[in-house]
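Coordinate-derived values only; no laboratory data. Everything numeric here is computed off the predicted structure, so don't read it as measured data. Every residue, glycine among them, receives a Cβ derived from its backbone with ideal geometry; neighbour counts consider all protein chains shown.
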Amino acid sequence: MVRYSILLASIVVLSLFSTTKVHAENWADKMFAETSHDFRTVGRGTKCEFHFELTNKYEEDVHIAAVRSSCGCTSPSITKDTLKTHETGAVVATFNTSSFIGQKSATITVVFDKPFYAETQLKVSGFIRTDITFDPPEVAFGEFASGDAPEREIVITHTGNSNWRINDVRSHCESLQVRLSAPELSPGIVRYRMRVTMKDSMEEGEIHERLTLISNDRAFPTTEMDISGRVRSAISVSPAAVNLGSKPADAVIEKRLIVKGDEPFEIKDIVCSDQRFEFEIPVGRKKVQFVKVRFEGNGTAGDIAQKIRIVTDLPGDKSASCIVTGTLSATQ
């Protein structure tokens, strides 16, 4: 009987350890939208980055303690090390095309130490060819206002085969317009000038797109090129994430939001599906508006996760949103 009890206890301990280990491994993986990326074929010296986006789906803060790569061909970095509930960030994988050539791959290990220890592995790969270069090394639009249509010129140079030609340029982004010049030929060199225009229909936010060059090279028919930039919103709200903290279910909480625009605007409406929120809407047209937010609990305990959308009179009823989170506990 004693031996049976000891054996049963050992099985229970091992089972608990196994379950905890699986949970520790899975909770971090679930935050990532993607865990692998193929840069495909890229030119020597071309800037190649991929953002592995992650979102904190949990109530506790998530902290990234470290990131490391298994190969020098890829350098990892993070946009922020701490993510509060519902916040997003990214692990940025930079393919070192200036220092390496040929087929390369790497594993990026992301180490979390909060809310408890876990590791996630991200896979990257790609082929770096030496006969194609881009000047500048990426289509970088920088930051521009919503509704603008900036343009950039890229010089594409191929060496070693005077018969090399670009047959097409493709992108999954419908807001990009590409114009390619006729090829400039010299012994062993083919050069193109490519003008890339961002249409005014581009959505607000970060831009992480790429162009695919389709050539007559049977061995390497496609070559990729990165496009980066940021479309600045015509209207923004600060803070973008409001944490009410842990409060009694009948608590009354007041906050203030700052709403900014590129030009004077009036707030037409504030939309929130939770009737416990009330708003004091300012009057008049200004570039900066202050909105008072009042939350009055009705005794219902539970978590809060609400979006507040502020609608303005700017063209197209431009709006900005913020997320409000918190926890309400039952009153004694």
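Distant-in-sequence amide contacts of residue 234, defined by a placed amide H-H separation under 5 Å and a gap of 5 or more residues or a different chain, comprise 146. Straight Cα distances below 16 angstrom link residue 268 to the aspartates and glutamates 278, 280, 313, 317, with same-chain residues fewer than 8 positions distant left out.
Between 224, 280, 119, the Gaussian network model of the chain with springs among Cα atoms under 10 angstrom shows the greatest mean-square fluctuation at 280.
Qualifying trypsin sites (Lys or Arg not before Pro) in region 22-79, where qualification requires a DSSP coil assignment and no more than 13 other C-beta atoms within 10 Å, comprise 30, 57. D for region 235-329, whole µm²/s, Stokes-Einstein with Kirkwood Rh over alpha-carbon pairs at 10 °C and 1.306 mPa s: what number? Once the numbers are plugged in, D ends up at 116 µm²/s.
Against the empirical 2.2 N^0.38 Å (N residues), region 24-128 has a Cα radius of gyration ratio of 1.09. Computed from backbone phi, the HN-Hα couplings of region 226-233 come to 7, 10, 9, x, 8, 8, 6, 5 Hz, rounded to whole numbers (Karplus: 6.51 cos²θ - 1.76 cosθ + 1.60, θ = phi - 60°; Gly and Pro given as x).
Shown in residue order for region 123-129 are the 3J(HN,Hα) couplings computed by the Karplus curve 6.51 cos²θ - 1.76 cosθ + 1.60 at θ = phi - 60°: 10, 10, 7, x, 10, 9, 9 Hz (x for Gly and Pro). Note on the chain: with charges restricted to the Cβ of Lys and Arg (+1) and Asp and Glu (-1), its dipole about the Cα centre is near 480 debye.
For the pairs 57/318; 104/199; 30/199; 47/318; 57/287; 30/247, flag any whose C-alpha to C-alpha distance is greater than 32 Å.
Cα-Cα > 32 Å for 104/199; 30/199; 47/318; 57/287; rest within.
Potential lengthening of the chain between residue 260 and residue 130 amounts to 42.1 nm, from the contour at 0.36 nm per residue minus the alpha-carbon distance.
Using +1 at the Cβ of each Lys and Arg and -1 at the Cβ of each Asp and Glu in region 213-255, identify which of 253, 242, 216 lies farthest towards the dipole's positive end. Of the listed residues, the answer is 253. Under 1.5 on a/c is rounded, so check that first for region 132-232, then, if it is not, pick prolate when a/b is larger than b/c and oblate when it is not; a ≥ b ≥ c are the square roots of the alpha carbon gyration tensor eigenvalues. Verdict is prolate for region 132-232. Here the scattering of the chain is modelled by Debye summation over its C-alpha atoms, one equal scatterer each and no solvent; at q = 0.10 Å⁻¹ the log10 of I(q)/I(0) is -0.81. Only Cα pairs within less than 10 Å get springs; with that Gaussian network setup on the chain, which residue of 137, 282, 315 has the largest fluctuation? Sorting by GNM fluctuation, first place goes to 315. Helices in the chain, meaning DSSP H runs of at least 4 residues, each add -39500 (n - 2.57). Divided by all residues, the mean residue ellipticity at 222 nm is -3000 deg cm²/dmol. 3J(HN,Hα) along region 247-261: 10, x, 5, 10, 5, 10, 10, 10, 9, 10, 10, 10, 10, 10, x Hz, from the Karplus curve 6.51 cos²θ - 1.76 cosθ + 1.60 with θ = phi - 60°, whole Hz, x for Gly and Pro.
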